[in-house]
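Written out below as C-alpha cells is the structure these notes cover.
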Amino acid sequence: MSFSFRVQQGFWLILFLAVIIRLLYFFNIYDHPDFRHPGLDAGYHDYWARGIAFDQWTPPDGQTDPLIRSQPFFRPPGYPYFLALVYRLTGGQPVPARLVQFALGVCNIALLWLFARRWFGPRTALWAASLAAIFWGFVYYEGELLEPALLISLNWAFLIAMGYWLETRRSCWLIAAGLALGASAVVRPNTLLFAPVAAVWLVWSLPSEHRRFRHAMAAATCLGVGALLVVSPVALRNAIVGRDAVLISSNGGINLLLGQAREAVASHASDETGNWNCFDYPLLLAQASAKAGRTLKPSEVSRLYAAQARTLAFSRPRETLRLLRLKTLLFWGPLHVSNNKVEELERRDSFVLSRLPLRFSFILATALFGIATLVRQPPPRSSAQMAVLLLAMVVTTFLSFLPFISAGQYRIPIVAVLLIFTGIGLDAIFHRLQAGRWRSAIIAGFAIVLVWLLVSPNYTGYCFSPARLHLARAIAAERDGNLPLAEADYLAAIQALPSLAVAHNRLGALYARQERIPEALSCFESAVAADPASLDARSNLGLALALSGREKEAIPHFEYVLSRNPAHADARHNLALARQRISSRAPQAERPQAPPSP
C-alpha cells in the first residue's frame, strides 16, 4: 500500500469522524429552546435573514424595529445574507440551516487539508485536519447562527487563491483572492486591516526581477479590485438607502467605546445582562442625537463614540496599557471568553462537546513549536512565503480586535490557521521518532509541554457567570412557550446573582402574564432595588402597583420613566389611567394596560 493511498484513506477517515461528531452534536442541541429561538446576535441574524428571504420584518416580541431597511447597516451584512440564502432555499426552518453550517464546517476541514498538503506536506495536513475535526470551538459555532464557519471558509478561499497566484503568477488568482478578501470583510470588517498587509506580502513575494513599481502596483491593484467588487455594492447601498457614507457597517464607534470599559472587556455587553442589543440601534441614534442637539447620521454617531473612546484611552494611558494587557491575555488565554452565550459552560454541559479533548492552549503551544521548527529548518521558499502570509493573518487579526471587546468567538477563525503550525510541530516530532531520534523527540515533546504549562494558567482571573447562562436559557425557554422551564432558569439566575435586575424584571413579567400579580410585584420591586435606573423595571413596577390598587405609589414610577424617556407610550398611558382612577375612584374606571412587557 503506497504512502499516498494511506494519506488519502486517513483524510476520508478524518472527514467521516468530523461528520459523526457534528451529527451527534446536532441531536444534542436539537431540543434546546434556543435552537428554535436564538438570542442576541444570533437572534438578530435570524430576524434579518428572514426579512431578506421572506419579507418578514415584524420585530420579535419586546424589541423595536432596528431600521435595517431604511438605515445604513449597523452590523456587517455578509452573514445575514448568507443565512437568508439558506432560508430561501430550505424554507426557513432551523434544522436545515444548522445542517448547512455543519456541512460548511466539514468543507472547512477539507480546505484546510488541501491547503496544508500542498504547501507543508501530507503528514502536516493530516495532523491539522484531524485536530480540526475534534476541536470543540468549530463544532459549537457551526451550531450557532453566527459567522465563524462562513468566515473560515472565506479565509481558506483567500489563502488558496493566493497560493495559486504564487505558483502561476496569474492575475486572475489575485482577483479571486481579492473577492474572497472583500467577502470576508463584508462578514467581519476587521478583515480590511489585513488588505494592506496582504499587498505588502505580494510585493515581497515577487521575484527580485519583478519588484519594480509597475509589477508591484499591478499585483496590488488586482487584489484591490477584487475586494472592491464585493465591498462597493454594500457602500453604495448604504449611500442610497441610508443617505450616509458608511463603507460596511456603522457599529465600529460604539464597539470601540465599549472596548475602553474594563467591566465590558471580559463580559460582552448585551441586553441579557441588563444592557443593550442590536435591536436598540434606533435608541442609540436617538440618544446620541439628543446629546448633540440635532439629528445625527449613523456615520456621525459612530464617529462621536469613536472620538469619546479615543479621548478616554489617551486621557488615562496607564489604565489603557493595563487594559490592552488584559485583552491580550484574554485573547490568547486558555478560556473562551463569553460573548453571545457563556460558551465554556455550554461546552461543559454538552454531552458531545465536553468529551472533545482538544483545547486552545494545546493548539497554541504546539503551534509555537511549529513556528520555531520552521525558523530552525526553513522549508522551500514558496512554503516559507505562505507561512509568512499565515503568520501575518494571525497577527493582524489579533491586532484588529485589540481595541475592542474581548471574545473567544473572535479568535475562532485564526485557530484554523494555527492548526497548520500545530500540524508542523507534531509532524516534526513524529519525523524524529520515525528516524529513531528518540532523544531529540523527547526534548521536543518536553518543550511543547513546557510552553503548554506556560500558556495554560488563567492569568487574568477571568471566570464565568452561571447567572448569565441561566438567564439566556430562561429567555429562550420563555420564547419557546415553556414557562415552567423559564421560571426555573430565572430563579436559578437570581440565586446565582441576586443583583441581576434583568432576571427579576423578566421573571416579574412572566408572573404578570400568568396573573400572579403579588409575585410579579415582588420581582419588580427587587429589580428596581437592584437597578433604580431601569426604565422597564420602573414601568413594570408602576403597572403592578396600579393593578394592585396602589395608584399613588405607582405614579412616581411612571413619572420617572417619562422624565428619562418622554416617548414611552405605555408609561404615559398608564400614568393617565392611574390619575383618572385616583380622581374618580369609580369601580368601572378603565384599568391600566396589562400584562407588562419585560
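A few points about this structure:
- Adding -39500 (n - 2.57) for every DSSP H run of four residues or longer, then dividing by how many residues the chain holds, sets the calculated 222 nm ellipticity at -23500 deg cm²/dmol.
- Euclidean distance between Cα centres, the stretch 97-125 to the stretch 328-387, Å: 16
- Principal axis analysis of the Cα atoms in the stretch 414-468 yields extents of 53, 22, 15 Å, listed in decreasing size.
- Karplus-derived 3J(HN,Hα) values for the stretch 64-75, using 6.51 cos²θ - 1.76 cosθ + 1.60 with θ = phi - 60°, are 8, 5, x, 6, 5, 7, 10, 10, x, 4, 7, 10 Hz; glycine and proline are entered as x.
- Using θ = phi - 60° in the Karplus curve 6.51 cos²θ - 1.76 cosθ + 1.60, the 3J(HN,Hα) couplings for the stretch 306-313 round to 5, 5, 4, 5, 5, 4, 5, 5 Hz; x is entered for Gly and Pro.
- Derived scalar couplings between HN and Hα for the stretch 402-409 equal 4, x, 9, 6, 6, 7, x, 4 Hz in order, rounded to whole Hz, by the Karplus curve 6.51 cos²θ - 1.76 cosθ + 1.60 (θ = phi - 60°), x for Gly and Pro.
- Cα-based reach from LYS327 at 29 Å (exclusive), listing lysines while leaving out same-chain residues under 8 positions away: LYS341
- Reciprocal mean inverse distance between Cα atoms of the stretch 106-239 - Kirkwood radius, Å: 16.0
- Rg/Rh for the stretch 410-515 stands at 1.35; both radii use Cα atoms, and Rh follows the Kirkwood definition.
- Expressed as a whole percent, the accessible area of the stretch 24-128 that falls on carbon and sulfur atoms is 59 (1.4 Å probe).
- Divide the volume of the convex hull around the Cα atoms of the stretch 68-131 by the residue count and you get 122 Å³ per residue.
- Distant alpha-carbon pairs in the stretch 374-470 (separation over 18 angstrom), percent: 65
- Reachable aspartates and glutamates, given that their alpha-carbon falls under 18 Å from the alpha-carbon of LYS291 and they are not under 8 places away in the same chain: ASP280, GLU300
- When the alpha carbon gyration tensor of the stretch 98-184 is reduced to an equivalent ellipsoid, its three semi-axes come out at 24, 18, 7 angstrom, largest first.
- The residues of the chain present an accessible area of 44 Å² per residue when probed at 1.4 Å with all protein chains retained.
- Accessible carbon and sulfur surface of the stretch 451-576 relative to its total accessible area, %, 1.4 Å: 57
- Across the stretch 256-415, the volume of the C-alpha convex hull divided among the residues equals 160 Å³ per residue.
- Overall dimensions of the chain, expressed as equivalent-ellipsoid semi-axes from the Cα gyration tensor (√(5λ), whole Å, largest first), are 49, 27, 22.
The values are calculated or read from the model by the stated rules, or taken from the named source; none is laboratory data. Since we're looking at a predicted model, the values are computed, not measured. Calculation scope for accessible area: heavy atoms of the full protein, side chains included, ligands and nucleic acids excluded. Shrake-Rupley method; radii C 1.70, N 1.55, O 1.52, S 1.80 Å.
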